[in-house]
Protein chains: 2
Amino acid sequence: MPGEQSTLAEQAFERIYELILSGALPLGSEVNEVSLSQRFDISRGTVREAVRRLQGLRLVTREPYMRACVVSLSQKDVVEIFQLREVVEGMACRLATKAMSDEALDRLMADLERARRNGARSADIPGEPFDLHIRVAVACGNERARQLLTEELYHLLRLYRRRSGDLPGRREQAFDEHWQIVRAMHNRDPDLAESLMRSHIARATESLLATLAAEREAEGASAPPRPLRRRRRTRVVAASPAGAGLAAEQPHESAAFAKESERAKAR
Amino acid sequence: MPGEQSTLAEQAFERIYELILSGALPLGSEVNEVSLSQRFDISRGTVREAVRRLQGLRLVTREPYMRACVVSLSQKDVVEIFQLREVVEGMACRLATKAMSDEALDRLMADLERARRNGARSADIPGEPFDLHIRVAVACGNERARQLLTEELYHLLRLYRRRSGDLPGRREQAFDEHWQIVRAMHNRDPDLAESLMRSHIARATESLLATLAAEREAEGASAPPRPLRRRRRTRVVAASPAGAGLAAEQPHESAAFAKESERAKAR
DNA sequence: TCGCGACATAGTGTTGACAGTTTTGTGGCG
DNA sequence: CGCCACAAAACTGTCAACACTATGTCGCGA
């Protein structure tokens, strides 16, 4: 019963990855090897291997005898990621403009138009059915850039976005910018497309920073020293055998957890 | 006797990394866990952990029950890396132009001038005492970009560069371009600096591609199908207990190996 | 002679146990 | 009442053994 085709460690890697993306493992939370091994009902060494791969992807940080932690993005991190995205997605846009077929460009345009009609919810929200940024990254032909954008940077931003809405009006503006970008691509103007994409992301950066500033303002001095780290007895527990008492005192949704531990630990 | 301060797995990671960078583990060669564990005189599980981290950095590729392999860069890979470098280093140059202090810029200029006098060998060769690209990446202030440039992309190129000289005359041209870049930075012209850096790398890309094409031409049809993979009985063996019979049939330098296995396995 | 299937072998996947380190809880002392 | 030393707990680091898979080899039959 070896699952499908991959190794246990591979599956564990995927599952932990999903746990982090879904917010079940909150940013900055501790990653406990034994807890995870019990949850997945596999050996600790196997979990260990998966965690080391996460470490390689810089999704968890670790130092010798300390507990591993999910990365917690500071504002500086977010700015750095957006700076990177700005130039790399600009490049991807330029390359895609040169690489895409006429049919693919027509399809892209049609999909963008359809998305606009289908509702205003899918302008610049990662993971939505139509996501221009993903489409461009995939189409650019540079596999390394695609991986960087869609697997290393974008997911981190998804993580971050969960807890920060958009500025009002930004959505419509983003749509407009998307439209201009796609039109430049369709006109086979690589330099313009790159330039527009860069401007687009730069504006999104400013919007996000404004949102964050407003948030910080609103929260006021509720918890300025930020008790991150050094927290007592609040670590993500391994779901007591009954599967009931989940640690739900976090402001994140810890669903998708309970169903994982329905085994009686008969050993 | 726990070494200095880090874990065994950490040290193993570093050592394997060095092995790959030094060419002792040639590109595309197989990475044998037991062989390495015997060489380092540590457990296989520990080596395994290190290899998984290398995998996370995409320096080795692996599929379920197959042997792990050091990446072998195709020409497409190199082009992709240079495309990425072009925009990311351009960004780094722009940010550094804005972030560096006057003193740091003066020092940078002085070092460049000194490097020019000290010999023509250090124009654009990674790892040399003065390396403008590293200096810019470090000074740009974007930690993520620095890591991408100096630890993920640059080392791969070092790997590749080992076996490809430069085009004649390229070195002087590179020096000139470096000089222009630094002058733009010194004049606090971020956009010009970014543009110059991008052009510089684009030119370097063309130079490298020309070199590769010439090489390919010179080799002719010596080994067109490229027997990489599926080679018989030639794998890097684990140094017989006497420490003598090293597998030296590879056209790469396998030095720095012998000295690692002087322990009698007294156990 | 060539194809093909069983066997042997090398290497990876997984596990449980033991050792070392950090954190936490507790009790005595100033 | 606060603080420091000490001990227990919790967790990570390391290892050796066992299970599983892939690959090369050898013998068989057509």
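The values are calculated or read from the model by the stated rules, or taken from the named source; none is laboratory data. All of these numbers come straight from a predicted model, not from anything done at the bench. Methodologically, a virtual Cβ is constructed for each residue, glycine included, from the backbone with ideal geometry; neighbour enumeration extends over all protein chains shown. Note: accessible area is taken over every heavy atom of the protein model, side chains too, but ligands, DNA and RNA are not part of it. Shrake-Rupley method; radii C 1.70, N 1.55, O 1.52, S 1.80 Å.
Side notes on the structure shown:
- Placing a label point 7 Å from Cα along the Cα-to-Cβ axis, B:Leu212 is separated from the same position in the other copies by 3.7 nm, shortest listed first.
- 10 Å Cβ neighbours from other chains, averaged over peptide A:212-218: 0
- Counting Cβ atoms of other protein chains within 10 Å of each residue's Cβ and taking the mean over peptide A:134-144 gives 2.
- Closest approach to the axis carrying A onto B, counted by Cβ on chain A and given in whole Å with its residue, is A:Gly56, 1.
- About the centre of its Cα atoms, segment A:75-219 shows a dipole size close to 200 debye [charges on the beta carbon of Lys, Arg (+1) and Asp, Glu (-1) only; nearest 20 debye].
- Cα convex hull of segment A:75-219, projected area averaged across orientations, nm²: 8.0 nm²
- Of the residues making up segment A:31-61, those losing 40 Å² or more of accessible area when the isolated chain is joined by the remaining protein chains, with a 1.4 Å probe, are A:Glu49, A:Arg52, A:Arg53, A:Gly56, A:Arg58.
- Positive end of the dipole of segment B:75-219 (Cβ unit charges, origin at the Cα centre): among B:Cys93, B:Leu105, B:Ile181, the Cα lying farthest that way belongs to B:Leu105.
- Shielding score for B:190-196, defined as the mean number of other chain Cβ atoms within 10 Å: 0
- Gyration tensor (alpha-carbon) shape descriptor, segment A:42-102, a/c threshold 1.5: oblate
- Chain pair A, B: total accessible area buried, heavy atoms, 1.4 Å probe, Å²: 2900 Å²
- Copies compared at A:Ser72 - label distances in nm, ascending, label defined 7 Å from Cα in the Cβ direction: 4.6
- Judged by the mean number of other Cβ atoms found within 10 Å, the most tightly packed of the peptides B:80-93, A:99-112, A:139-152 leads the ranking B:80-93, A:139-152, A:99-112.
- Share of carbon and sulfur in the accessible area of segment A:75-219 stands at 48%, probe radius 1.4 Å.
- Between copies, the label points at A:Ser43 (set 7 angstrom from Cα along Cα-to-Cβ) are spaced 1.0 nm, reported in nanometres from shortest to longest.
- For the peptides A:176-186, A:62-72, the ranking by packing is A:176-186, A:62-72, with the highest mean count of neighbouring Cβ atoms within 10 Å listed first.
- Burial here means at least 40 square angstrom less accessible surface with every protein chain in place than with the chain by itself, probed at 1.4 Å; in segment A:63-92 the buried residues are A:Pro64, A:Glu80, A:Gln83, A:Leu84, A:Val87, A:Met91.
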